[in-house]
Amino acid sequence: MSDSRADGLEPVIGLEIHVQLRTRTKMFCGCELSFGEPPNVHTCAVCLGLPGSLPVANAGAVHYGLMIGLALECELAPRSIFHRKNYFYPDLPKGYQISQYDEPLCRGGRLGEVRIHRVHLEEDAAKLVHVGASGRIHGSDVSVVDFNRGGTPLAEIVTEPDLRSPEQASEWLKLLRTTLRALGVSDVNMEEGSLRCDANISLRPAGSDAFGTKTELKNMNSFRFIERGIRAEIERQRAVIGGGGVLEQETLHFDPASGTITSLRSKEEAHDYRYFPEPDLLPVAIDEEMIERARAALPELPAARAQRLELTLGLSAESARLLAFRAELGDFFEAALAGDADPAPPPQALANWITGELVSRLDDGADPADSKVQARALAELVGIASAGGVSVGAARQVLDRLVAQGGSDPQAIIDAEGLAAIGGGDELEAIVRAALAANADAAERVRGGNAKAIGPIIGHVMRETKGRADGAEVTRLVHEQLGI
Amino acid sequence: MSADDLLALTAAQAAEASARGELARDELFELYRERAFADRAAGAAGLNCFTWVAEDVPAGAGGAERAPLGGVPLAVKDLFCTRGVPSQSGSRILEGYLPPYTAHAVERLADAGAPLLAKTNQDEFAMGSSTENSAFGPSLNPWDRERVPGGSSGGSAAAVAAGLAPWALGTDTGGSIRQPAALCGVVGLKPTYGAVSRYGMIAFASSLDQAGPLTRDVRDCALLLAHMVGRDPCDATSLEPREEIALPSAEDLEGIRFGVPEELAAEGIEDGVLASFRASLERARELGAEVHDVHLPHAPHALSAYYVLAPAEASSNLARFDGVRYGLRVDGRDLLDMYTRTRHDGFGREVKRRIMLGTYALSSGYYDAYYGRAQRVRTKIADDFREAFELVDFIVTPTAPSVAFRLGEKTADPLAMYLNDYCTVPMSLAGIPAISIPCGLSEGLPVGFQIAGPAFSENRLFEVAHALEGSFEFDGAQARV
């Protein structure tokens, strides 16, 4: 997976992910969360930071935080505390963000091949809207603040620097998203900002244990931009190091439009956040009952699902992982299996058809449940094909129809289109005999031991049968008639 | 009842008269409203106790016959948010600020029949011991108008002492109720931390701030507190009291053990104050109390720890005053310039000094040496009290090291000003309740006697204070205007 090159440098990548939690109310007040409402309608004295107002921690957010901690196999702190992170900005009405610092809710953990450093709870900032040319605060004519988002609960998930390439980072983030979606704790929509990702990036000689100077890359608000941004930053660092320069520890901004990276602030300009324990809140005390409640709320997680599909259904590890890590495919697969199709499809064949043939016919990332294909119909088609009732090629044609038009009865399509497999009977034998006659040279070469020469003969049969013949059966008949 | 008769009533007596139907609807409110208004209208000739006085009797104020507080009007420190009424915390940066909601304690008292009469002057953001740090000019001590009323709840203390309000709310962070109560000759209680909701109090130092009553006598103090305490779901640090607050009636101190900590009752205390304090201990013995020497070995470090912790919290609490959403805004070239100008013009010197102190104490690399260490001292001080309360029932000290000092006397010397809190800060750091009651005069000025008890010992504190009060026979009426 590592992305090291001729210069022998290996990228080291860690991610910081902010997840907006889908609680009913905000992190520290009773305002409802917002979904595209007019500005500043979901606000109160607390989330506006009015004088005299006080925060009260949202128990629902703590519950979600524990679910995330359990799903990521973290250690849950019996006692964690909120800190104030102090800095001035117009989107931060109190002049500090209530976050967690050295005593977070969850520590340690693992998801797939990546270790989790910590998970903590905090509040989101409000949304600044810069009116004017640049769309950023510098150079805008007016900046206005929408406090609807301010105070939305966030879980911040920090990984260890275990990722080694932009593609791996993006793939792993998809797994995290699937996991969080399965938990039901967030909408995990990058475009809408409910899942946000920063990356810490450095380079080091491949195989080294040391870390190079890292930079923090912000504002990558889609999976595509994550890959592009990290790749661009790796290239930039390679160029600096390759040119004999020294990297500076800094915070960077990725502009997806131009693909360029600009410095937000250097190490010297880094904020001193003056963290101290939030005196308006009590420590978050976690007891067994809360942990049990969070555990009971956990659905089957992708990693466990993959294991189950592999062990109980005999799927290959690769198929099990594909279905589990794209939960919508796994759901479709299990719905198809449960649909008492007749004949019933073998699980592995069904998995292959879903992750291969079906996915390739749908839009990238689309949920098959949203397509016209009915799970039970696909199961039946795969069942018929597996029983030899229709050839693979013909089954693909039926699937084309199911994708385009839907329908619950693949057998009816097979019958109506005359796609039924030509069995081992006289008809196919005659067609094979004719094919051998028409391709006498090829037949001789096959007889002489050249297995590859069978291609034109099978092609002839398939043309004649419009693909309804089963390839394996045709091969068997060729061999039989050639006496080999 | 004549105006003089009305004025002579304590708040509890007035509430009782109201319950018996002997007070006409709105009569008391109108009397005090006129007196408060006159002080405000007198300008420099008045005491400058108030930043706002009600123009009308609030609807239903006098109609509170059945309400337990009988419609007895309440003066409230400026920093309590009161809906539609200026709540400025004594600061230019909040001048004219009208909150959209009312502080929990004020609302509860209004519901219980103590309608809002006026807002009282204070040191800016409760930082000070004289009200000289108010953006709206100092309040004066009714015992001697050339002297300060103490602070930061100086307006509340002076108003009660002068008979401009029957009772008042203050807040105490390191002594801001008890010290002005002492300097003005009234009763002031800092309750157990968490006993009263802080929701709606413009914060100074969140882990120390507590609301409490300033009253003419101990019964009034208990009556007002009874309707303030309680868990508020909007304040995560508030606690449900273990018992209801009852009106005290004790007249002796049989079986009560007082502890006098040498650390807070000797060095640095003015001779006249010390003499008055010792005479008070004699009266306590006469009432049956035992008086023991106790030690609070870490108490001498309380002030140092306090002046790290309180400014640290304040530096963060006051960050919201940035000119973006409310209060003063001074436009600038860019965002940083706007912040800088707004806060430069909006905050007074003492507030800026403490923001700087607190910012420094929390800075990376200094946190452990200052904030962390101060927190450890705080724990030690709480332990000291816990150990002392195994030997005695209450700790008693002079409330303030001196009687009311002259205006301007300490404004140039912040450290001298900070020493006013020497005897009151340890209890604040420990989170325990402490009451100051007037115990006599020194140089014709009131002296305060402080009694501190374990957490949530308010009822016992009131009983003891009530017995002592009867014995001290302090005459506060001479300060009334």
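Ratio of alpha-carbon Rg to the 2.2 N^0.38 Å globular estimate for chain A, to two decimals, please.
Details: Rg = 29.2 Å, N = 484, 2.2 N^0.38 = 23.0 Å.
Its radius of gyration relative to the 2.2 N^0.38 Å reference: 1.27.
So how long is each side of segment B:287-378 along the principal axes, counting just the alpha-carbon atoms, biggest first, in Å?
67, 40, 20
Fewest Cβ neighbours within 10 Å first, please rank A:452, A:127, B:410 accordingly.
With the fewest neighbours first, A:452, A:127, B:410 line up as A:452, A:127, B:410.
Going by a ≥ b ≥ c, the root eigenvalues of the Cα gyration tensor, does the protein assembly as shown fall in the rounded group (a/c under 1.5), the prolate group (a/b larger than b/c) or the oblate group?
Prolate, because a/c is 1.5 or more and a/b exceeds b/c.
Compute the normalised compactness of chain B: alpha-carbon radius of gyration over 2.2 N^0.38 Å, N being the residue count.
0.91
Once you list every other residue whose beta carbon is under 13 Å from the beta carbon of residue B:239, what net charge do they have if Lys and Arg are +1 and Asp and Glu are -1?
Its environment carries a net charge of -2.
Given the C-alpha centroids of segment B:76-134 and segment B:1-38, what is the distance between them in whole angstrom?
Each part reduced to its Cα centre gives a spacing of 23 Å.
Can you compute the charge dipole magnitude of chain A about its Cα centre, using +1 on each Lys and Arg Cβ and -1 on each Asp and Glu Cβ, nothing else charged? Give it in debye, rounded to the nearest 20.
The dipole of chain A has a size of about 560 debye.
What is the distance in Å between the Cα centres of segment B:409-470 and segment B:156-235?
Segment B:409-470 and segment B:156-235 have Cα centres separated by 12 Å.
Using the basic label-point model (7 angstrom from Cα toward the beta carbon), what is the residue A:360 to residue B:278 distance in nanometres?
It is 10.3 nm.
Please list the non-local residues whose amide H lies under 5 Å from the amide H of residue A:252, H modeled 1.01 Å from N, same-chain partners needing a gap of 5 or more.
A:216, A:217, A:218, A:264
What is the calculated FRET efficiency for residue A:370 to residue A:289, with r their C-beta to C-beta distance and R₀ = 35 Å, to the nearest 0.05?
The value I calculate is 0.35.
Placing +1 at every Lys and Arg Cβ and -1 at every Asp and Glu Cβ, with all other atoms neutral, what dipole size does segment A:11-91 have around its Cα centre, in debye to the nearest 20? Walk me through the numbers on the way to the answer.
Values: 6 positive and 6 negative charges, 46 e Å.
With only Lys, Arg, Asp and Glu charged at Cβ, the dipole is about 220 debye.
If I take R0 = 22 Å and measure r between the Cβ atoms of residue B:4 and residue B:66 in this structure, what FRET efficiency does the formula 1/(1 + (r/R0)^6) give, to the nearest 0.05?
Step by step, r from the Cβ atoms, then E = 0.20.
Sequence neighbours fewer than 8 away in the same chain don't count; with that in mind, list the aspartates and glutamates whose C-alpha is under 12 Å from residue A:372.
Within the straight-line limit of under 12 Å, residue A:372 reaches these aspartates and glutamates: A:400.
Between 0 and 90 degrees, rounded to the nearest ten: what's the tilt of helix A:223-242 against the longest Cα principal axis of chain A?
It is inclined by approximately 70 degrees.
How far apart, in nm, are two points set 7 Å out from the Cα along the Cα-to-Cβ line at residue A:128 and at residue A:463?
Using points 7 Å along Cα→Cβ, the separation is 6.9 nm.
Taking 30 Å as R0, compute the FRET efficiency from the Cβ-Cβ separation of residue B:247 and residue B:387 and round it to 0.05.
Between residue B:247 and residue B:387 the formula returns 0.40.
Which of the lysines could be linked to residue A:267 by a straight reach, that is with a Cα gap under 24 Å, when you skip same-chain ones fewer than 8 residues away?
Here the lysines satisfying the reach criterion relative to residue A:267 are A:85, A:214, A:218.
Using DSSP to define loop residues, name the GluC sites (Glu not before Pro) in segment B:339-428 whose beta-carbon has at most 13 other beta-carbon atoms within 10 Å.
B:390
So what's the projected area for segment A:275-431, the Cα convex hull averaged over all directions, in nm²?
Mean projected area of the Cα convex hull: 14.7 nm².
Could you check the spin-label model distance between residue B:356 and residue B:475? Points 7 Å from the Cα along Cα→Cβ, value in nm.
Once both label points are built, they end up 4.9 nm from each other.
Length gain on complete extension for the stretch residue A:143 to residue A:88, per 0.36 nm per residue less the alpha carbon to alpha carbon distance?
Once the chain is fully extended between residue A:143 and residue A:88, it gains 18.3 nm.
Measuring from a point 7 Å past the Cα of residue A:298 along Cα-to-C-beta, which residues in segment A:97-119 have an amide N at less than 17 Å?
Hits in segment A:97-119 for residue A:298 at 17 Å: A:105-119.
What does the charge count around residue B:94 come to, taking other residues whose C-beta lies under 11 Å from its C-beta (Lys +1, Arg +1, Asp -1, Glu -1)?
Details: positive: B:92, B:320; negative: B:78, B:95, B:124.
It works out to a net charge of -1.
Taking the Cα centre as origin and putting +1 on Lys and Arg beta-carbons and -1 on Asp and Glu beta-carbons, what dipole magnitude results for segment A:426-482, to the nearest 20 debye? Intermediate results must be reported in sequence, preceding the final value.
Numbers: 8 positive and 9 negative charges, 51 e Å.
The dipole magnitude comes to about 240 debye.
Place +1 on the Cβ of every Lys and Arg and -1 on the Cβ of every Asp and Glu in segment A:426-482, take the dipole about the Cα centre, and give the residue among A:462, A:434, A:449 whose Cα lies farthest towards its positive end.
My answer, from the dipole projection, is A:449.
Put +1 on the Cβ of each Lys and Arg and -1 on the Cβ of each Asp and Glu in segment B:297-395; which of B:342, B:355, B:315 then has its Cα farthest toward the positive end of the dipole?
Most positive-ward Cα: B:342.
Put +1 on the Cβ of each Lys and Arg and -1 on the Cβ of each Asp and Glu in segment A:142-284; which of A:244, A:195, A:145 then has its Cα farthest toward the positive end of the dipole?
Value computed over the given set: A:244.
Bear in mind that the values in this text are calculations on the coordinates, not laboratory data. None of these values were measured; they are calculated from a predicted model. All Cβ positions, even for glycine, are placed from backbone atoms using ideal geometry, and neighbour counts span all protein chains on display.
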